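First comes the structure, then the notes that go with it.
The values are calculated or read from the model by the stated rules, or taken from the named source; none is laboratory data. These figures come from a predicted structure and were not determined experimentally. Reconstructed Cβ throughout: ideal geometry from the backbone, glycine too, with neighbour counts over all protein chains shown. Keep in mind that these areas ignore ligands, DNA and RNA; they rest on the heavy atoms of the full protein, side chains included. Shrake-Rupley method; radii C 1.70, N 1.55, O 1.52, S 1.80 Å.
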Amino acid sequence: MRSKDLARAIGATEANLSLFKSGKVKGLRFETLEAICRHLDCQPGDLLEHDPDTPTGT
């Protein structure tokens, strides 16, 4: 699925989805994550990965 189609389907901006996809997003609303998972029929763990070696920027 193209980012622009997913963005339109869940009511998000293509720019925000691009940041999420690239791993550069600093935060994500649970309602956005829920909308993505509902539309793609997946679980949050299918989209997110924890990397303890990645700096948090704080």
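Taking max minus min of the alpha-carbon positions on each principal axis, the chain gives extents of 33, 22, 19 Å, largest first. The label-point distance for Leu33 and Ala15, in a model that sets each label 7 Å from Cα toward Cβ, rounds to 2.4 nm.
Just need the relative contact order of the chain here, percent rounded to a whole number, with Cα pairs under 8 Å and 6+ apart. It would help to have the intermediate numbers written out before the result.
Working: 23 pairs, mean separation 15.3, N = 58.
It rounds to 26 percent for the chain.
Using a probe radius of 1.4 angstrom, the carbon and sulfur fraction of the accessible surface of the chain is 49%.
Listed by chain and number, the aspartates and glutamates whose C-alpha is less than 16 Å from the C-alpha of Lys4, apart from same-chain residues fewer than 8 away, are Glu14.
With a 1.4 Å probe and every protein chain left in place, work out the accessible area per residue of the chain in Å², rounded to a whole number.
I get 86 Å² per residue for the chain.
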